[in-house]
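Just below is one structure, and these are the notes that go with it.
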Amino acid sequence: MTDSGESLNHRHLLGLSTYSAAEIELILETARQFREVLYRRIRRVPTLRGITVVNLFFEPSTRTRISFELAEKRLSADTVNFSKSGSSVSKGETLKDTAQNIEAMKVDMAVIRHESPGAAHFLTTCVDAVVINAGDGAHEHPTQALLDLLTISDHCDGFAGLNVSIIGDITHSRVARSNIFGLRALGANVTLCGPRTLMPRYIEALGVRVTHNLDEALEGCDVAMALRIQLERQGASLFPTLREYHNTFGIQTTHLERNPDMLIMHPGPVNRGVELASEVVDHERAVILDQVTNGVAVRMAALYLLSGVGPSPEETD
Ligand code: CP
């Protein structure tokens, strides 16, 4: 509970498809309060003292893994980190057995990243711990979308009528899916742009516009969100070359000149010179590192709201 007395209607955070606008706004507002802690001399509050969180990472991660761990430490939770490499998964242990053995050591919350869509939901059927999805295959990455929404709200005047274009490999992107749900819930207009081979059929059913022309996607666009080309998830080559992809769908400085107010976002890791020209990554209108900072605040908010414990975010050591 926050000072406003509001709470989430969910026990877990598996995706944004079932989260209401009010719940998303609550997480964003709580994150704004927690973000202030990150700029203090002592960046720690006692909010989750006595709570144990396990971070289960079955897939590589830099931003999500480190920011969850930092968020837990900033909240004074006890944290345990599990990585697939070096674990008994290599001896054939299943996700269910791995999770139940870790829970037997008494944990309250589990953060999971896994290559299989639905892994986070499956975990809720195996353990009593509160589960937070840190990315499950090409399904959802809710905390990434929440940090993206927080970053957009820092720079734009509300979501209603805001034009957001998501560009790249939509088919394999859990980031795109979670952002579509979050942005649509808050009233933004979403345009998807990318090669036909990387665009799911019937995606318009989610209330988005689809184009395969980058100039069209960037016309009147307030926020351009480029997605990483996920070569590791593509079974076959779905476009001729990375150079051709960059020439057709890569955002260049000329796009910034044509649209002088457009914000540039990317969830990372960036393939410089593919999704974004290297100069665009370093441009002052690229807020990629702000997204990373906001990731810690959003994950603090999600952990706090789902833990079911007080006290308020303002309380300090
Ligand atoms: N954005 C994101 O999920 O990055 P990582 O894979 O490094 O966690």
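Quick notes
- For the chain, the fraction of 1.4 Å probe accessible surface lying on carbon and sulfur atoms is 49 percent.
- Summing +1 for each Lys or Arg and -1 for each Asp or Glu among the other residues whose beta-carbon sits under 14 angstrom from that of Pro260 gives -3.
- Under-5 Å amide H pairs with Thr79, H placed in peptide plane, nonlocal only: Val53
- Compared with the dominant principal axis of the Cα atoms in the chain, helix 21-35 is inclined by about 70°.
- Converting phi to 3J(HN,Hα) with the Karplus coefficients 6.51, -1.76 and 1.60 and the offset θ = phi - 60°, region 266-271 yields 7, x, x, x, 7, 8 Hz in sequence order, with x at every glycine or proline.
- Whichever lysines have a C-alpha closer than 20 Å to that of Lys73, once near sequence neighbours (fewer than 8 apart) are set aside: Lys106
- Under Stokes-Einstein, with the Kirkwood radius over Cα pairs as Rh, the value for region 188-257 at 10 °C and 1.306 mPa s is 119 µm²/s.
- Taking every alpha-carbon pair under 8 Å whose residues sit at least 6 apart, the chain reaches a relative contact order of 24 percent.
- For region 165-262, applying the loop criterion from DSSP together with a ceiling of 16 other beta carbons within 10 Å to the GluC sites (Glu not before Pro) yields Glu219.
- Gyration tensor verdict on region 142-200 (Cα atoms; rounded if a/c is under 1.5, prolate if a/b is larger than b/c, oblate otherwise): prolate
- Trypsin sites (Lys or Arg not before Pro) restricted to region 43-119 and DSSP loop, no more than 14 other C-beta within 10 Å: Arg43, Arg44, Arg49, Lys106
- Cα-based helix-to-principal-axis angle, 174-185 vs the chain, degrees rounded to 10: 90 degrees
- Set of region 116-143 residues, backbone N closer than 18 Å to the point 7 Å along the Cα-Cβ line of Lys96: 116-129
- Reported to the nearest whole Å, the Cα centre-to-centre distance from region 250-305 to region 1-55 is 23.
- Heavy-atom accessible area order for Cys156, Cys193, largest first, 1.4 Å probe: Cys156, Cys193
The values are calculated or read from the model by the stated rules, or taken from the named source; none is laboratory data. Bear in mind the structure is a predicted one, so any value in this text is a computation, not a measurement. So basically every Cβ, Gly included, is an ideal-geometry build from the backbone, and we count neighbours across all protein chains shown. The area values use the complete protein model at the heavy-atom level, side chains included, leaving out ligands, DNA and RNA. Shrake-Rupley method; radii C 1.70, N 1.55, O 1.52, S 1.80 Å.
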